Amino acid sequence: MDDALAGRCRAFADAWDALGHGRAVPAYASVVLRFDPIRLPPSDAEREALRLARDLHRIPNDRGRVIEIPTRYDGLDLGETAERSKLTVEELINLHSGREYRALFLGFLPGFAYCGVLDPRILAPRLVRPREHVPAGSVAIADGQTSVYPFDSPGGWRVIGRTDVAVFDSAREPPVLISPGDRVRFIAL
Amino acid sequence: MIRIEQTGLRATVQDRGRFGHLRLGIPPSGPADPGAFAAAQALVGNDGAAAAIEVVGGPFAFRCEDRRIVAVTGRDVALRGRDVVAGWTAAFARPGETLTVVCGERSRFAYVAVSGGVTTEAILGSRATYLPAGLGRPLRAGDDLPLGNARVDAERAGRSAVSPDYDTGQIRAITGPHAQRFTDEAQSLFFSAEFQVEPASDRMGTRLTGPRIDARGGEILTMGVVAGAVQVPSGGAPIVLLAEHQATGGYPVVAVVISADLGLVAQRLPGERLRFTRVDRDLAVEALRDARAELEAIA
């Protein structure tokens, strides 16, 4: 997980979108380039993609907005995760709320932002047995990352808190609270 | 306007998909069987961006307020009005006439197109319904759906499109982006074995059981995925992603079903079998070109 690499993927995706062939989907270290293979033969798409990759250093990284997420740290996995990390609950809360994260990309659910990077002292592997039901607004961590569940959904991340802020609202523009590239802070309530 | 009289198990408005917000994690949605959807639109003279209705489990019945051309497509479907009109055939709808989509035993996703297209309010740039995020809602009896203006060309009635052979379980696929995660044996097993469709299959994906396909190295770094991608989770049971697939996925993709055959996968019923045939990218593009040419011929 690498903020700079994910930033380059986002910039690459922006550059592909600007060509108008179709939309790109960036992630940690990849970009899926969508296009209509009848209008743009795949070999031409490859050539265009390579050209963009060569010129990518000229594309500035997005700065992102700062998004604050008021959080009640009372999640189901808070105690166990603190214990596993050999931290007190208070120390874990301070570490989680004490730094700024970058929304590397969105995926999994509408508005679900993969935000990194957690303090390495927090040891939070994914749950071995994902939960059937994680409530909307759950603030969760896993594998060096943190996020907020936009909807009730199954999920394998460790729930450490919750927020009342709507993470996804189709009536809003943009509909997501956290956009790719945004800087995210959790404010302990 | 059309009035919905019966909805079947579930009926939703769909356009070809919401592709503009994948980066916000919003699945494309749209029709599970894009070929049948496009054929229905072409039969009634709509362009590819128009919206139609996807019906799961009949009977679905509706009434047109004014004269329209209508068509139903999908697997094992027909349209009953004053007469019964076969699926994949355009029909003339008289004002006030109730038309019922007849879903046969092997029906799964049916598409009802009306000339002018359904013009419900677009959300985030699309009319594709995506229920998990509240983008649109299931249709209810009594709903009135607005339609776009259309010149009613009565000559269209009786025009038909050729349905694909939905009873075949032969699905063409290209090698996937993570093929190196699979041994040659695992790949040749995937492209020769028979799989069975699981009841848990839905608009998100067709879940398969069969011989276990093992990937090396477990999960991949989460990345964007497309409809047709065949993901292999750690249990070794492949999932073919469909319209409501998540924008990103973390399982290795062994193969990608070609666009022209997506509907054949979506329309397989639980318990039915299928096999994958490996084709190259050029053939995949040719098959899509042929499918589009057929639509242009009827439009």
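Could you tell me which trypsin sites (Lys or Arg not before Pro) in region B:114-168 are loop residues by DSSP with no more than 13 other beta carbons within 10 angstrom of their beta carbon?
B:140, B:151
Long-range amide H contacts for residue B:172: which residues qualify at under 5 Å (H placed 1.01 Å from N, peptide plane, sequence gap of 5 or more or a different chain)?
B:258, B:277
So what is the accessible area of region B:2-156 per residue, in Å², with the probe set to 1.4 Å?
About 37 Å² of surface per residue is accessible.
If you count the DSSP beta bridges with both ends in region B:170-298, what percent of them are antiparallel, to the nearest 5?
Counting DSSP beta bridges with both partners in region B:170-298, the antiparallel share is about 80 percent.
Before anything else, pin down the relative contact order of region B:102-147: Cα pairs under 8 Å, at least 6 apart, normalised by residue count, whole percent. Intermediate results must be reported in sequence, preceding the final value.
Values: 29 pairs, mean separation 17.0, N = 46.
Reported relative contact order: 37 percent.
In whole Hz, what ³J(HN,Hα) sequence does region A:182-187 give by Karplus (6.51, -1.76, 1.60; θ = phi - 60°), x for Gly and Pro?
5, 9, 10, 10, 9, 9
As I understand it, the value is the acute angle between the Cα axis of helix B:281-298 and the longest principal axis of the Cα atoms of chain B; what does it come to in degrees, rounded to 10?
Taking the Cα atoms of chain B, the angle to B:281-298 is about 10 degrees.
Using a Gaussian network model of chain A whose springs link C-alpha atoms within less than 10 Å, name the residue from A:63, A:51, A:102 with the highest mean-square fluctuation.
Answer for the Gaussian network model of chain A: A:51.
For chain B, what is the calculated [θ] at 222 nm in deg cm²/dmol (nearest 500), taking -39500 (n - 2.57) for each run of four or more DSSP H residues and dividing by its residue count?
Taken over chain B, the calculation gives -4000 deg cm²/dmol.
Run the accessible area of chain B with a 1.4 Å probe and give the carbon-and-sulfur part as a rounded percent.
49
Using a 10 Å cut-off on Cβ to Cβ distances, tally the other chain neighbours for every residue of A:173-181 and report the average as a whole number.
3
For region B:108-239, what relative contact order do you get, as a whole percent, if you take Cα pairs closer than 8 Å and at least 6 residues apart?
16
Roughly how tilted is helix B:34-44, in degrees to the nearest 10 and between 0 and 90, from the longest Cα axis of chain B?
The angle comes out near 20 degrees.
In peptide B:275-284, how many Cβ atoms from other protein chains are near each Cβ within 10 Å, on average?
Mean inter-chain Cβ contacts per residue within 10 Å come to 1.
How many Cβ atoms of partner chains, on average, are near each residue of B:14-27 if near means within 10 Å of its Cβ?
Taking the mean over all residues of the peptide, I get 6.
Could you look at chain A and say what percent of its accessible area is carbon and sulfur, using a 1.4 Å probe and all protein chains?
That fraction is 52 percent.
Given the whole protein assembly as supplied and a 1.4 Å probe, what does the accessible area of residue B:167 come to in Å², nearest 10?
Approximately 80 Å² for this residue.
As a test of understanding, state the convex hull volume per residue of region B:2-156 from its alpha carbons, in Å³.
96
Name the most mobile residue of A:41, A:150, A:120, meaning the one with the largest mean-square fluctuation, in a Gaussian network model of chain A with Cα contacts below 10 Å.
A:41
For region B:110-123, in order, what is each residue's ³J(HN,Hα) by Karplus, 6.51 cos²θ - 1.76 cosθ + 1.60 with θ = phi - 60°, in whole Hz (x at glycine and Pro)?
Listing the rounded values in order: 10, 10, 10, 10, 10, 4, x, x, 7, 10, 4, 5, 6, 10 Hz.
Given the -39500 (n - 2.57) contribution per DSSP H run of 4+ residues, what per-residue ellipticity at 222 nm results for chain A, rounded to the nearest 500 deg cm²/dmol?
Dividing the helical sum by the residues of chain A leaves -7500 deg cm²/dmol.
Could you grab the relative contact order for region A:1-79? Cα pairs under 8 Å, six or more apart, rounded to a whole percent.
About 27 percent, as a whole number.
Nearest 10 degrees, 0 to 90: what angle lies between the long axis of helix A:42-54 and the longest principal axis of chain A (Cα atoms)?
70
How far is the Cα center of region A:132-189 from the Cα center of region B:77-136, in Å?
Region A:132-189 and region B:77-136 have Cα centres spaced 36 Å from each other.
Can you give the % of DSSP beta bridges in region A:39-189 that are antiparallel, to the nearest 5?
Numbers: 20 of 26 bridges.
Antiparallel bridges make up about 75 percent of those DSSP assigns within region A:39-189.
Taking the dipole about the Cα centre of the protein assembly as shown, with the C-beta of Lys and Arg at +1 and of Asp and Glu at -1, give me whichever of B:174, B:90, A:140 is farthest to the positive side.
The Cα lying farthest towards the positive end belongs to A:140.
The values are calculated or read from the model by the stated rules, or taken from the named source; none is laboratory data. Note that the structure is a prediction, hence the values are computed from the model and not measured. Cβ: placed from backbone, ideal geometry, glycine included. Neighbour counts: every protein chain shown. Protein only, heavy atoms only, side chains kept; ligands, DNA and RNA dropped before computing areas. Shrake-Rupley method; radii C 1.70, N 1.55, O 1.52, S 1.80 Å.
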